[in-house]
Amino acid sequence: MDSHTINLSRFRNPDVVAEYEGKDGLRDCELFLYEKYICNGDDVLDLGVGAGRTTGFLAGKARRYIGADYSEEMIAASRKRFPEQEFLVLDGADMRMLSSTSFDVIVFSFNGLSYLYPDKQRLACVQECHRLLRAGGTFIFSLPNPSSIFIRPSRAGRTPLQTLEGVVRSIGANLFRMAQRLTMRPFWTGRGYALLHAHGGLNTYMAIPVRVLEEVGAFGFSEVATYPEDYPRRGSRFVSRWYYYVFRKTQD
Ligand SMILES: C[S@@+](CC[C@H](N)C(=O)[O-])C[C@H]1O[C@@H](n2cnc3c(N)ncnc32)[C@H](O)[C@@H]1O
């Protein structure tokens, strides 16, 4: 099986779908971004919608809302949860069933763009998003940061023993993360695919912000803002696991 098919099979797996069905609510940074950059009454495409975690909030703001995903099983879960909303099974690299310039905002949340493989497919998706957006439209997405070699220690436990356990666990997790990242090409080159263990193994695109700006900027988008994943906490190059990007369509 090639990496595209492997990634798709992971997102069609019933256990993975069940995991996403259990997810609810927005992360702090998502809430901040969606409130700041999406206007009430916008036409919104929620790409890689999964089991509908973002649907309640985005559909509540939108004049027209469409949730889309290439996993039929994820879309079935979204439809079950929000029977009144519109959902489509489609691949983000080929969205010809949707008309050009028909959306004000496209959201590809929770690093969904990183699972399009290879480069050609991911770039085709960026191009398709550009085609679907109206002039001045907004593209919000996130991508993993290959430089993230440290994991923030979790909060100290209540007893000295729990605190000690937390410290030992954190050292172990950091050593593992460091070994994993330092042996990946994207850590050294700033961009590229790597096999990450989530959901049984996903070939995942990661890039540092400067590479993302180059790549997406080449399609007629201009950067509006970039935020670390844990915003409003202060992220850093070696800690932030992913970045959120906001781009505006500025050229045809
Ligand atoms: C990490 S999950 C996030 C799901 C959901 N957005 C959330 O935040 O809970 C990524 C989603 O992107 C979808 N996806 C990945 N590649 C895709 C593609 N080429 N076209 C459409 N959806 C895709 C997957 O099926 C999966 O549902």
With a 1.4 angstrom probe the carbon and sulfur portion of accessible area for the chain, in percent, totals 55
Within the stretch 1-104, DSSP-loop trypsin sites (Lys or Arg not before Pro) with at most 12 other C-beta atoms within 10 Å are LYS23, ARG63, ARG96
Mean accessible area per residue over the stretch 77-158 (1.4 angstrom probe, all protein chains present, square angstrom) is 45
Inter-part gap, Cα centre of the stretch 184-205 to Cα centre of the stretch 92-115, in whole angstrom, is 22
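At 222 nm, what helix-only mean residue ellipticity would the chain give, in deg cm²/dmol to the nearest 500, using -39500 (n - 2.57) for each DSSP H run of four or more?
So the calculated ellipticity at 222 nm is -11500 deg cm²/dmol.
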Over its alpha-carbon atoms, the chain yields an Rg and a Dmax in Å of 18.4, 60
Between the Cα axis of helix 72-81 and the main Cα principal axis of the chain, the angle (0 to 90°, nearest 10) is 80
The stretch 1-39 scanned against label point 7 Å out from LYS120 along Cα→C-beta; backbone N under 18 Å for 1-8
By the mean-Cβ-within-10 Å protection proxy, highest first, 121-132, 209-220 rank as 121-132, 209-220
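The values are calculated or read from the model by the stated rules, or taken from the named source; none is laboratory data. Everything numeric here is computed off the predicted structure, so don't read it as measured data. Because the Cβ atoms are built from the backbone with ideal geometry, glycine has one as well, and the counts that use them run over all protein chains shown. With ligands, DNA and RNA removed, areas are computed over all heavy atoms of the protein, side chains included. Shrake-Rupley method; radii C 1.70, N 1.55, O 1.52, S 1.80 Å.
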